[in-house]
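Notes follow the structure.
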Amino acid sequence: MEKRRLSFWEIWNLSFGFLGIQMGFALQNANASRVLQIFGADVHELGWFWIVAPLTGLIVQPIIGYYSDKTWTRLGRRRPFFLTGAILASFGLILMPNADMFTAFMPALWVGAGMLMIMDASFNIAMEPFRALVADVLPSDQRTLGFSVQTVLIGIGAVIGSWLPYVLTNWVGISNTAEPGKVPLSLMLSFIIGAAVLIISILITVFTTKEYSPEEMELINGIDTEEKVEESSILNIFTDFKNMPTTMKQLSWVQFFSWFGLFGMWVFSTPAIAHHVYGLPLEDTHSTTYQNAGDWVGILFGVYNLISAIYAFFLPAIAKKIGRIKTHSLSLIIGGLGFISIYFAPDQYWLLISMVGIGIAWASILTMPYAILAGSIPPRKMGVYMGIFNFFIVLPQIVNALIGGPIVKYLYGGNPIYALVMSGASFLIAAILVFKVKDVDDKVILKTE
């Protein structure tokens, strides 16, 4: 038995839930530091508030992956998990900007940090089963297209989420200012809208996508009884980690430096741009100019996600021409230069050019490592290995969360712009390390002139 080739729109529906996931994720990434600063966090403390979320993902992801490999319900194998993650993330989106409602019980800053933890952990719960779903359903020669379509939807969702606060303020006329300690109404409504879109988009995938049953997967992959017995214990996660494919080990270092750089961008972009480009003092977190800077960061995040959505359409063709390894390395180099160019920006509009480079790298980060990895993973362990692969996404975020703030405070003299330069250097290191990766399932035939 072979997997059925899907039409473009079937692949589109397969990944449509990622639009909502990334819309919520973009709202979090562009605005969580802004919200936490409104509630009283200092700039060098921001990374510490972000740390619990990736730490939770480090523990949860392989477990979710393992059980999604073993689960079969009326909703299928992967769908129950990303539906649950979406519901939990929606609660976090609604409650984070309203954290001041709970000040009778604890400070709003700690409630906000707790909601950030719930959101990020829930997004992780939803994301990795989605990655495994693409690998489950699509034949090998459609996986690059599948992950590229997923990246397009990620880009569309992220553009909407990133631009929503700006649109509500400048097009609808909803205020983006509030009294000290309060989140502006435009930002609060953006989070609520994001929660609604997240649930709706996930339900579209749930009701339009068919997964292969365990029996069908056995016929497709030829799994025998002995292998099924070997996989029966959750403790085998530790064995699987030890015996991870060589390709995954090689990709782990690429992922580490890629996501170390991304985390620095998400945490420090708002204070860095407000201080370095808008000329505001670091302690200014309540002025109209600061809120405008925060809205502009949302626009910038939307631009890099829009570029990633466009670039993702071309990734299969580029990979067909030069191979997945060179495609990913080139994309990371362009992204690294985009980060470094932020330092030299004469005004906020110049940053749009910087975001083009970052968007190119982001598209490749969301596509190429998974396309390369999928062919090296045993099919019946797709979920658990996708979960283990998430280690190399959350570990660099934890490391950056621990050291990023102190580095900014003591090494960079409190100036967060250098954290973004460090992100650029991290991308360039990742670009070099890509060439150590062996793509064992690259069935692409490179064109010759």
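Tabulated data for the structure shown
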read-out: Relative packing of 63-72, 175-184, 422-431, 128-137, which averages over residues the other C-beta atoms within 10 Å, highest first; value: 128-137, 422-431, 63-72, 175-184
read-out: Size of charge dipole - the chain - debye, nearest 20, with Cβ of Lys, Arg +1 and Asp, Glu -1, no other charges; value: 700
read-out: J(HN,Hα) series, the range 168-177, from Karplus relation 6.51 cos²θ - 1.76 cosθ + 1.60, nearest Hz, glycine and proline x; value: 5, 7, 8, 9, 9, x, 7, 5, 10, 10
read-out: Distance histogram for the range 15-152 (every C-alpha pair counted, 5 angstrom bins, percent rounded to whole numbers); value: 2, 10, 18, 19, 18, 13, 9, 6, 3, 1, 0, 0
read-out: The range 73-82 - phi-based ³J(HN,Hα) in whole Hz, Karplus 6.51/-1.76/1.60, Gly and Pro as x; value: 10, 4, 8, x, 9, 8, 4, x, 6, 6
read-out: Under 15 Å, Cβ to Cβ, from A30 - net charge with Lys/Arg +1 and Asp/Glu -1; value: -1
read-out: Helix axis angle, 17-38 relative to the chain longest principal axis, alpha carbon, degrees; value: 30
read-out: I220/L75 FRET efficiency (R0 25 Å; Cβ-Cβ; nearest 0.05); value: 0.80
read-out: ³J(HN,Hα), Karplus 6.51/-1.76/1.60, whole Hz, each residue of the range 85-92, x for Gly, Pro; value: x, 5, 5, 5, 5, 5, 4, x
read-out: I199 versus N170: modelled label distance in nm, points set 7 Å from Cα along the beta carbon direction; value: 3.1
read-out: √(5λ) per eigenvalue of the Cα gyration tensor, the range 11-79, largest first, Å; value: 32, 17, 7
read-out: Separation of the R5 and T239 label points, Cα + 7 Å toward Cβ, nm; value: 3.8
read-out: Ordering of 1-8, 364-371, 202-209 by packing [mean C-beta count within 10 Å, highest first]; value: 364-371, 202-209, 1-8
read-out: Per-selection Kirkwood Rh - the range 301-405 (Cα, Å, 1 d.p.); value: 15.3
read-out: Contour excess over end-to-end distance, with Cα ends at K210 and I59 and 0.36 nm allotted per residue; value: 51.5 nm
read-out: For q = 0.06, 0.08, 0.09, 0.14 Å⁻¹, Debye-computed log10 I/I(0) when each Cα of the chain counts as one equal scatterer; value: -0.23, -0.42, -0.53, -1.31
read-out: Filter on K381/K436; K70/K436; K326/K381; K3/K210; K242/K438 - keep pairs with C-alpha separation over 22 Å; value: K381/K436; K70/K436; K326/K381
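Computed from the coordinates by the stated procedures, all read-outs in this text should not be read as laboratory data. Just so you know, these numbers come straight off a predicted model, no measurement behind them. Because the Cβ atoms are built from the backbone with ideal geometry, glycine has one as well, and the counts that use them run over all protein chains shown.
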